[in-house]
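The values are calculated or read from the model by the stated rules, or taken from the named source; none is laboratory data. Just so it is clear, the model here is predicted, and its values are computed rather than measured. Virtual Cβ from ideal backbone geometry, glycine too; neighbours counted across all protein chains shown.
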Amino acid sequence: MHSADNPPYITRFAPSPNGPLHLGHAFSAIVAHDLAQASGGTFLLRIEDIDGARSRDRHAETARADLAWLGLTFEEVPAQSQRIDSYRSALDRLVAMDLTYACTCTRTEVRTAQKAQGLSPETYPGTCRNARRSLDEPYAVRLDMAKAAALTGPLDWTDRLSGKHRIVTETLGDPVIWRKEEPASYHLAVTLDDAADGVTLVTRGTDLAASTPYHRILQELLGLSVPIWHHHALLRDIDGTKLAKRKGSPSLADRRLAGEDGRAIAKRLRAGELPSGISLR
Ligand code: GLU
């Protein structure tokens, strides 16, 4: 059942298989699953294994088992490692549009220049923008934000919870869209994947909201469909840090193998009943 302002949403849970899933992932998956289900839509699982050096099949396998244990029914779409050709052809289009440049900076060089210019750690200081780097050494490809913004004009994106956001391109810096060691960057891959998978509601934690303007701009440049977003609060430890994969708390798989009831855990998370010391912020 659905109504006009609650259309059948296609949502996705998109874990990077570089470690076991924890309660925070369960919460995120439940949000995506329940919004799709309540609207008569579809909940997708996409394994984001673009980072070949850190991704492991066994973590993808575990994620599938964890979702089933939580009682979440999903349709799995191809993993990112199956989609490199589509990333490459999008890159080629952006290069042909003259919106990119090669960047040979190391992380240290970027940090030093950021400090010298008083920039935030997210904002690339522009070192390589007009440098015409030799392509003999390893390089990343960056999007020239000023050129991109001139082409797209002002853009907004809409969050189900926090409403409409106008993008201020001047503060974004030039994001990496193709990495030195690995193929496409998170920004390019996730934007293309969500469009290819027909995702209409992108659900993820508020920690990724700062990435959304880049995705909205790439959608516009590449003529992709534009979803709405739902950035949910995060489960946090007592000290305010988000429950991350590498912390000491038991993973979902630990709980599953210890015989805990996944559906009961999902039910408690839905009811906002959180383990002591953990809050949703
Ligand atoms: N693969 C990302 C992660 O595991 C999530 C990306 C997204 O939801 O946009 O953090």
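Do we find a residue being surrounded by 15 or more Cβ atoms within 10 Å (Cβ to Cβ), at negative phi and within 13 Å of the ligand (Cβ to nearest atom) anywhere in the range 243-260?
So far as the range 243-260 goes, yes, one or more of its residues are surrounded by 15 or more Cβ atoms within 10 Å (Cβ to Cβ), at negative phi and within 13 Å of the ligand (Cβ to nearest atom).
With respect to the numbered conditions (1) touching a residue at least 40 places away in the same chain (Cβ under 8 Å); (2) touching a helix residue (DSSP H, G or I) at 6+ places or on another chain (Cβ under 8 Å), which one is the sole condition not fulfilled by ARG88?
Answer for ARG88: the failing condition is (2).
Yes or no: GLY240 farther than 19 Å from GLY19 by Cα, part of a loop (DSSP other than H, G, I, E, B) and in contact (Cβ under 8 Å) with a residue 40 or more places away in the chain?
Yes; evaluated as a whole, the condition is true for this residue.
Tell me which residues, restricted to the range 44-77, are within 16 Å of the chain's Cα centre (by Cα) and either free of Cβ contacts under 8 Å to residues at least 12 places away in the same chain or away from the ligand (no atom under 13 Å from the Cβ) (or both).
VAL77
From the list GLU61, GLU48, which residue is assigned to a helix (DSSP H, G or I) and either of a type outside the set (Phe, Trp, Tyr) or more than 30 Å from ARG132 (Cβ to Cβ) (or both)?
Among GLU61, GLU48, only GLU61 is assigned to a helix (DSSP H, G or I) and either of a type outside the set (Phe, Trp, Tyr) or more than 30 Å from ARG132 (Cβ to Cβ) (or both).
Filter the range 189-220 for residues that are of a type in the set (A, V, I, L, M, F, W, C), under 22 Å from ALA148 (Cα atoms) and crowded, with 19+ Cβ neighbours inside 10 Å; which is farthest from the ligand (Cβ to nearest atom)?
ILE217
Are any of the residues in the range 146-156 modelled with pLDDT under 95, surrounded by fewer than 20 Cβ atoms within 10 Å (Cβ to Cβ) and either within 16 Å of the ligand (Cβ to nearest atom) or among the charged types (D, E, K, R) (or both)?
So far as the range 146-156 goes, no, none of its residues is modelled with pLDDT under 95, surrounded by fewer than 20 Cβ atoms within 10 Å (Cβ to Cβ) and either within 16 Å of the ligand (Cβ to nearest atom) or among the charged types (D, E, K, R) (or both).
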